[in-house]
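Colleague: For reference, the structure I am asking about is given below.
The values are calculated or read from the model by the stated rules, or taken from the named source; none is laboratory data. Note that the structure is a prediction, hence the values are computed from the model and not measured. When we count neighbours, we look across all protein chains shown, and the Cβ atoms used for this are built from the backbone with ideal geometry, even at glycine. Ligands, DNA and RNA are excluded from the accessible area calculation, which covers all protein heavy atoms including side chains. Shrake-Rupley method; radii C 1.70, N 1.55, O 1.52, S 1.80 Å.
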Amino acid sequence: NSRTTRSDEDKDDSWDAWGAWSDCSRTCGGGASYSLRRCLNGRNCEGRNIRYKTCSSNDCPSDVGDFRAQQCSAYNDVKYQGHFYEWIPVYNDPTAPCALKCQALGKNLVVELAPKVLDGTRCNTESLDMCISGICQAVGCDRQLGSNAKEDNCGICAGDGSTCRLVRGQAKAHFSPEKREETVIAVPHGSRSVRITLKGPAHLVIESKTLQGEKGEHSFNAPGTFVIENSTVEFQKSTDREIIKIQGPLGADFIIKTRYSGSKESVVQFFFYQPISHQWRQTEFFPCTVTCGGGYQLNSAECVDIRLKRVVPDHYCHYHPENKKPKPKLKECNMDPCPSSDGFKEIMPYDHFQPLPRWEHNPWTACSVSCGGGIQRRSFVCVEETIHGEILQVEEWKCMYAPKPKVIQTCNLFDCPKWVAMEWSQCTVTCGRGLRYRVVLCIDHRGQHVGGCNPQLKLHIKEECIVPVPCYKPKEKSPVEAKLPWFKQAHEMEEIITASEEPTFVPEPWSPCSATCGSGIQVRDVKCRILLAFTQTEVELPEEECEDVKPPTERVCHQVSCDSDPVPYTPEFPRAEDGSVIYDWEYIGFTPCSATCLGG
């Protein structure tokens with residue numbers, strides 16, 4: 001309204017000129033001032049005879065009380081219904097925000113002590129809107145009456161939100177007996193709209209650190225509102241849930257921690273607007289590349305700590321991806337011709353006269369690892385081409401206008417080969433204790449059999465096995481001769497080995513025993529072979545290609561005793577009371593080893 005009265009209504013001849021502005025209703029914290037004018041033709045003027053504006057918008061000192069509370073306390077020495085009371089304000093009354101409603105301290109007594117609060121009193125605690133002549137008027141964050149300007153999420157009046165960034169996410173707090181406390185996230189100085197929610201048995205703890213380096217730790221035993229480093233902290237607590245709310249801006253860095261009280265894991269969700277504390281700033285232009293005849297000069301950008309107002313290393317400005325370093329600016333310089341003593345240098349635009357400096361890179365280094373994800377690097381130099389086509393290395397700042405290519409990249413991201421075990425074979429005996437075997441291959445990320453696996457991590461290829469069938473000797477009516485080399489009837493099964501995609505020793509079948517009775521010799525061929533997966537054919541390889549121990553090619557065999565052989569053992573069989581023979585096992589010993597070396 002005040003804007004329209006100053007434009008259209010000022011031209012109305014029926015009104016006198018506006019009078020001077022009154023004194024402000026307040027000396028700080030935002031008040032109101034008014035101006036009056038007189039209707040010259042009686043009471044037939046259109047429009048208002050009073051206008052308002054805000055004033056004294058500067059913040060009040062911290063020791064000055066609330067304006068509405070001051071108005072309530074003014075009635076402390078006035079009797080109400082025959083009694084004196086100490087009055088405190090009632091805030092945020094939706095029905096009458098500009099009436100002075102107060103409550104008697106310690107009593108359930110709320111009274112409207114005045115129909116209007118003084119001009120400049122806030123309508124409610126949530127906004128800057130103020131009461132003027134008993135009516136709530138809109139006030140923007142620019143403290144102007146009738147303004148719709150609002151603070152952005154960064155706390156900037158009518159801002160666009162570009163001076164802060166939203167940080168949100170969640171972290172799982174892992175309990176361990178050795179670690180009773182864990183840092184979740186650091187919320188920096190100046191952050192706003194902070195909300196931390198913990199779900200689980202742990203407890204939230206705030207560690208504060210001021211810009212002067214002073215530290216403090218704050219834990220909460222009960223819900224309530226607390227002041228930490230000039231920041232109002234609201235703490236809420238329920239079963240298995242704790243919430244911290246801070247409107248901000250924070251007066252210090254707040255490090256949010258969890259402290260464990262049980263073995264169950266907790267989840268912490270966080271949300272806040274973080275001020276952009278480091279920004280890029282353009283530097284002055286560097287010296288010209290030449291002293292005459294036409295050259296160029298560049299500037300750069302440096303990272304500045306906004307709070308401390310000093311230049312810091314570039315990596316401080318890389319803490320979030322939106323904060324990109326601006327490209328250098330380039331301009332021509334020293335375009336005057338060179339003196340004749342130096343020879344005349346033709347003046348042409350720099351991009352035609354001489355190509356701009358550029359980055360030249362060396363080849364990538366070998367990857368740091370052969371598998372599992374590594375890095376490789378390359379180096380860069382700034383080069384410049386002369387008029388005669390010579391390539392010269394120059395200072396790096398001359399290439400600042402051009403984006404520098406990547407100096408590091410990931411490589412060999414595929415998984416490393418690993419040992420893969422096949423199915424176990426059958427047990428090598430049909431009763432009692434024996435062995436079983438399996439094939440263990442080194443397989444790469446494509447499923448191909450390759451080398452490169454750590455031999456120390458190779459899975460074992462054989463283990464003991466027990467067949468749950470008892471070994472026994474058949475009951476006979478008369479004593480029998482023990483047959484060498486075994487007294488038990490355990491039948492040794494010959495392990496069948498076939499060619500695979502890994503070089504393997506493959507034995508041929510044993511020859512018949514060289515003797516028809518008594519002890520003899522059996523022989524066989526053992527060859528190194530491999531199975532070609534594509535054609536499914538077997539190929540013979542040199543023996544050194546097979547890494548396993550070569551199976552024996554010769555062994556002792558035992559047939560039935562010859563007539564001339566002495567009977568090695570004729571046991572005396574005890575008999576039961578009914579005359580039947582009782583049998584029992586007796587250990588005789590091992591046969592000679594089937595090989596003299598390399599395992600038999």
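Colleague: Taking N as the number of residues in the range 278-333, what is its Cα Rg relative to 2.2 N^0.38 Å?
Modeller: Normalised by 2.2 N^0.38 Å, the Cα Rg of the range 278-333 equals 1.38.
Colleague: If you count only protein heavy atoms and use a 1.4 Å probe, how large is the accessible surface of Arg195, to the nearest 10 Å²?
Modeller: 100
Colleague: Using +1 at the C-beta of Lys and Arg and -1 at the C-beta of Asp and Glu, which of Ala104, Thr365, Tyr260 has the Cα lying farthest in the positive direction of the dipole of the chain?
Modeller: Ala104
Colleague: Another question about this same structure. In Å and whole numbers, how far do the C-alpha atoms of the range 114-256 stretch along each principal axis, longest first?
Modeller: Projected onto its principal axes, the Cα set of the range 114-256 covers 65, 37, 29 Å.
Colleague: Taking +1 at the Cβ of each Lys and Arg and -1 at the Cβ of each Asp and Glu, which of Ser14, Cys157, Val407 sits farthest along the dipole of the chain towards its positive end, judged by Cα position relative to the Cα centre?
Modeller: Farthest towards the positive pole: Ser14.
Colleague: Further question on the same structure: So what is the calculated 222 nm ellipticity per residue for the chain, using -39500 (n - 2.57) for each DSSP H run with n of 4 or more, over all residues, to the nearest 500 deg cm²/dmol?
Modeller: Calculated mean residue ellipticity at 222 nm is -500 deg cm²/dmol.
Colleague: Could I ask something else about it? Accessible area per residue of the range 358-411 at 1.4 Å probe, in Å²? Each step should come with its number before you reach the end.
Modeller: Values: 3440 Å² over 54 residues.
On a per-residue basis, the range 358-411 sits at 64 Å².
Colleague: Right, next: Could you give me the ³J(HN,Hα) list for the range 160-170, computed from phi with Karplus coefficients 6.51, -1.76, 1.60 and θ = phi - 60°, whole Hz, x at Gly and Pro?
Modeller: Those phi angles translate into 9, x, 8, 9, 8, 9, 7, 10, 8, x, 8 Hz.
Colleague: Using only the heavy atoms of the protein chains and a 1.4 Å probe, how would Ser193, Ser300, Ser219 rank by accessible area, largest first?
Modeller: Numbers: Ser193 40, Ser300 15, Ser219 75 Å².
The residues order as Ser219, Ser193, Ser300, largest area first.
Colleague: Explain nothing, just compute: Karplus ³J(HN,Hα) = 6.51 cos²θ - 1.76 cosθ + 1.60, θ = phi - 60°, for every residue of the range 143-149 in order, whole Hz, x for Gly and Pro.
Modeller: 6, 9, 5, x, 7, 9, 5
Colleague: Once phi is turned into ³J(HN,Hα) by the Karplus curve 6.51 cos²θ - 1.76 cosθ + 1.60 with θ = phi - 60°, what whole-Hz value does each residue of the range 87-97 show in order, with x for glycine and proline?
Modeller: After applying 6.51 cos²θ - 1.76 cosθ + 1.60, I find 9, 10, x, 9, 9, 6, 7, x, 7, 9, x Hz.
Colleague: Leaving ligands, DNA and RNA out of it, work out the accessible area of His318 with a 1.4 Å probe and give it in Å² to the nearest 10.
Modeller: 110
Colleague: Please give, to one decimal in nm, the separation of the simple spin-label points placed at Ser238 and Thr553, each 7 Å out from Cα toward the Cβ.
Modeller: Those two pseudo-labels are separated by 8.3 nm.
Colleague: Let's see if you can work this out: charge +1 on each Lys and Arg Cβ, -1 on each Asp and Glu Cβ, no other charges. What is the dipole magnitude of the range 229-272 about its Cα centre, in debye to the nearest 20?
Modeller: Magnitude of the dipole: close to 160 debye.
Colleague: Looking at this model, which pairs from Lys79/Lys116; Lys172/Lys215; Lys150/Lys199; Lys406/Lys458 are more than 30 angstrom apart at the alpha-carbon?
Modeller: Lys150/Lys199; Lys406/Lys458
Colleague: Right, next: Local charge sum around Asp240 (other residues, Cβ-Cβ under 13 Å, Lys/Arg +1, Asp/Glu -1)? Spell out each step's value before the answer.
Modeller: Numbers: positive: Lys199, Lys237, Arg241, Lys264; negative: Glu242, Glu265.
Net of charged neighbours comes to +2.
Colleague: May I have the convex hull volume per residue, in Å³, for the Cα set of the range 20-145? Could the numbers behind the result be given before it?
Modeller: Numbers: hull volume 19.4 nm³, N = 126.
Enclosed volume per residue, from the Cα hull, is 154 Å³.
Colleague: Is there a quick way to get the dipole size of the chain? I mean about its Cα centre, with the Cβ of Lys and Arg at +1 and of Asp and Glu at -1; what is the value in debye to the nearest 20?
Modeller: 2820
Colleague: Mind checking which of Asn44, His445, Pro417 is farthest towards the positive end of the chain's charge dipole, using Cβ charges of +1 (Lys, Arg) and -1 (Asp, Glu) about the Cα centre?
Modeller: Farthest along the dipole direction, towards plus: Asn44.
Colleague: To continue, here is another question. Leaving ligands, DNA and RNA out of it, rank Asp119, Asp66 by accessible area with a 1.4 Å probe, largest first.
Modeller: Output order, biggest surface exposure first: Asp66, Asp119.
Colleague: Around Ser208, with a cut-off of 9 angstrom between Cβ atoms, what is the net charge of the other residues, counting Lys and Arg +1 and Asp and Glu -1?
Modeller: That works out to -3.
Colleague: Give the carbon-plus-sulfur fraction of the accessible surface of the chain in %, rounded to a whole number; probe 1.4 Å, heavy atoms of protein chains only.
Modeller: Details: 19650 of 38320 Å².
Of all accessible area on the chain, carbon and sulfur atoms account for 51 percent.
Colleague: Follow-up question, since we're still on this one. If you count only protein heavy atoms and use a 1.4 Å probe, how large is the accessible surface of Thr430, to the nearest 10 Å²?
Modeller: 60
Colleague: A further question on this structure: Sketch the reach of a paramagnetic label on Glu463 as a point 7 Å from Cα along Cα-to-Cβ, and name the residues of the range 408-450 whose backbone nitrogen lies under 14 Å away.
Modeller: 421-427, 434-440
Colleague: Going by accessible area, probe 1.4 Å, with all protein chains left in place, what is the ranking of Ser261, Ser62, Ser500, largest first?
Modeller: Accessible-area ranking of Ser261, Ser62, Ser500, largest first: Ser62, Ser261, Ser500.
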